[in-house]
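Everything below concerns the one structure shown next.
The values are calculated or read from the model by the stated rules, or taken from the named source; none is laboratory data. From a predicted model like this one, the values you see are computed outputs, not experimental measurements. Note: ideal-geometry Cβ built from the backbone for every residue, glycine included; neighbour counts use all protein chains shown.
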């Protein structure tokens, strides 16, 4: 769900101060924020299916060695036509793509977006539902959305295909988890309809008040909405009323929902909007009462012979103590999604600096894990491919590498593994566009594609030599006087890895770090990085000195063993600065310019009276170009002109030669002046 934007986020429920049972909920002017309500002997009318399709032979904390692939079901693959450009993705399409997920990428676990029958919020018809449907407005937790079945599916046939997907995952040794939405339902949910009408004993299943209290929703507007002469509370939208976790029946019913789908074979669940279940008069998020229900839910998961786990979406940034609170005392969440680390990686590369306190955190201990990611379905970050114009392909590769080379549990949002760009829709819908299968197929070949980088580093994480250190290793960040440098160690009892990154878009002749004495260690292997140049580590008074880093290069040294294989060597060191000429004369391809120590130059054959457009590209990846600040500016032969830092479309120069022949394009990066000569 969306991150809460304002601190005035309120709701209306609490727990445990008394055990009074009231038959008529919310009849007073002031809401009772202390009492438990509902039948303490309540049993869900929905019978649980037999436990089936369970994973076998899983280790107790299997998720710590997993890499998750986050799939937005409707946008991934349609089994009927192959892609989702004009149709809705389905379970069968995912099942047919397990080879890509596991073999071509390397992920061994899947997180599915919500798949239940929903209200299709924001949709006016079937076609818009395929674009806009997010599924967090659940109208029936026990009914699968027929949209996700193949062909002319029904809810029943769609569920059969979901179960088939679960079985297929387990046959491959893969795991699969579902996205659970416990905080609220759709206003079209039968539970809410009954609650609004006071029918079927559901009056207390939602939060009601005779008056609209002064509580704000996530957008700063009133969180109270009128229905049948009274008001109900909705933290996110009027179409998504909050369930009342002060009610024993709600508490048990939602645990029954979890059991129902775990019995079907799911290996765990991601919990949406975990911060907001139970609110008190003093606090609307992260309450003790919220944590108590999650502890009850954890006990449900622990009943299963096949190990289950749950991961929280508690969108907390900059407060590690509050985030870690969702682990409880080892009796709450097994994992929390970490909203600090991914954004920090992207920011460090964009700023070409690590800052004073890099946000690199390893799993806290063997029972607690951080789930790290570079993007998701919400407005957390842009699509990874959108960053190409700011940090270039090399920056995207560095971000991918840094996200995988830390002792956490990686989550890869579908499409980010191929640096797919956002769609054209507004808001977060642009992040949920159809998966680009053509681009994925193209990237299967080539060791330097983003897909290949992911596959190589995932394989490294999972290898027998390194799986333990990436699950249980401890982080130690090293200090450097190089602002564009980042270095840290990952170590456990038997392995020590040194990770060094050049965050800058330019080559670095030397990077040095204090607190790492090579002379105190034995032999080492370079297992990631440019091995063609001088990759040895020198010792200078207890400082590690490394040389000849390419732009955005990352290196990993293994100090537990010498002679290990370098699994990723795609960087070429070039001490000289670079500049490329792009234009209509070369099809906007990047022609590398010669450099004489002060000026770049490149020659191009031009035709008389034909207008050409061009620009200078520093790194050959569009991330930093020199052109005009506005529309294309016209320049003349042998007349120097000034170029501005102006990346993007419509920032070109225009030149029309009077004669055909060879022309020299010259550029001085220091003065940002250029000239066209014969």
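Just a few scattered comments:
- Exactly one residue out of 509, 535, 487 is buried (at least 17 other Cβ atoms within 10 Å of the Cβ) and either assigned by TED's automatic domain parsing to the domain that holds residue 623 or assigned to a strand (DSSP E or B) (or both), and it is 487.
- Counted residues, segment 73-83 - those being buried (at least 24 other Cβ atoms within 10 Å of the Cβ) and assigned to a loop (DSSP other than H, G, I, E, B): 1
- Which numbered condition residue 217 misses (of (1) farther than 22 Å from residue 33 by Cβ; (2) surrounded by 23 or more Cβ atoms within 10 Å (Cβ to Cβ)): (1)
- Note on segment 470-487: residues that are in contact (Cβ under 8 Å) with a residue 60 or more places away in the chain and under 25 Å from residue 416 (Cα atoms) amount to 5.
- Restricting attention to segment 278-299, the residues that are in contact with a strand residue (DSSP E or B) (Cβ under 8 Å, 6 or more places away or on another chain) and farther than 19 Å from residue 368 by Cα add up to 2.
- Among the residues making up segment 370-388, those that are over 21 Å from residue 471 (Cα atoms) and in contact with a strand residue (DSSP E or B) (Cβ under 9 Å, 6 or more places away or on another chain) are 375, 376, 377, 383, 384.
- Qualifying residue in segment 636-644 (condition: on the phi > 0 side of the Ramachandran plot and modelled with pLDDT under 90): no
- Given (1) under 21 Å from residue 505 (Cβ atoms); (2) part of a strand (DSSP E or B), index of the condition residue 654 fails: (1)
- Filtered residue count, segment 144-165, keeping only those that are in a helix (DSSP H, G or I), farther than 13 Å from residue 116 by Cα and in contact (Cβ under 8 Å) with a residue 24 or more places away in the chain: 4
- Residue count for segment 444-462 under the criterion of being closer than 20 Å to residue 68 by Cβ and crowded, with 19+ Cβ neighbours inside 10 Å: the result is 10.
- Single unsatisfied condition, residue 255 versus (1) closer than 18 Å to residue 115 by Cα; (2) touching a strand residue (DSSP E or B) at 6+ places or on another chain (Cβ under 8 Å): (2)
- Residue check, residue 251 in a helix (DSSP H, G or I) and at pLDDT 90 or above: yes
Rundown of residues vs (1) in contact (Cβ under 8 Å) with a residue 24 or more places away in the chain; (2) over 33 Å from the mean Cα position of the chain (by Cα), yes/no style:
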site: 581; (1), (2): yes, yes
site: 589; (1), (2): no, no
site: 593; (1), (2): yes, yes
site: 609; (1), (2): yes, yes
site: 622; (1), (2): yes, no
site: 628; (1), (2): yes, yes
site: 634; (1), (2): no, yes
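- When residue 386 is tested against (1) surrounded by 19 or more Cβ atoms within 10 Å (Cβ to Cβ); (2) part of a helix (DSSP H, G or I), exactly one condition is not met: (1).
- Condition met for residue 93 (under 21 Å from residue 337 (Cα atoms), in contact with a helix residue (DSSP H, G or I) (Cβ under 9 Å, 6 or more places away or on another chain) and modelled with pLDDT of 95 or more): no
- Check on residue 294, crowded, with 19+ Cβ neighbours inside 10 Å, in contact with a helix residue (DSSP H, G or I) (Cβ under 6 Å, 6 or more places away or on another chain), under 28 Å from residue 36 (Cα atoms) and touching a residue at least 12 places away in the same chain (Cβ under 8 Å): no
For (1) modelled with pLDDT of 95 or more; (2) touching a strand residue (DSSP E or B) at 6+ places or on another chain (Cβ under 7 Å), each residue gets a yes or a no:
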| residue | (1), (2) |
| --- | --- |
| 515 | no, yes |
| 531 | no, no |
| 551 | no, yes |
| 610 | yes, no |
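- Of all the listed residues (637, 610), the sole one being more than 30 Å from residue 551 (Cα to Cα), assigned to a loop (DSSP other than H, G, I, E, B), in contact with a helix residue (DSSP H, G or I) (Cβ under 9 Å, 6 or more places away or on another chain) and not assigned by TED's automatic domain parsing to the domain that holds residue 553 is 610.
- So residue 571, is it out of contact with any helix residue (DSSP H, G or I) (no Cβ under 7 Å at 6 or more places or on another chain), buried (at least 21 other Cβ atoms within 10 Å of the Cβ) and in a loop (DSSP other than H, G, I, E, B): yes
- Considering the conditions (1) farther than 20 Å from residue 499 by Cβ; (2) free of Cβ contacts under 8 Å to residues at least 40 places away in the same chain; (3) not in a loop (DSSP other than H, G, I, E, B), residue 381 is excluded by exactly one of them, (3).
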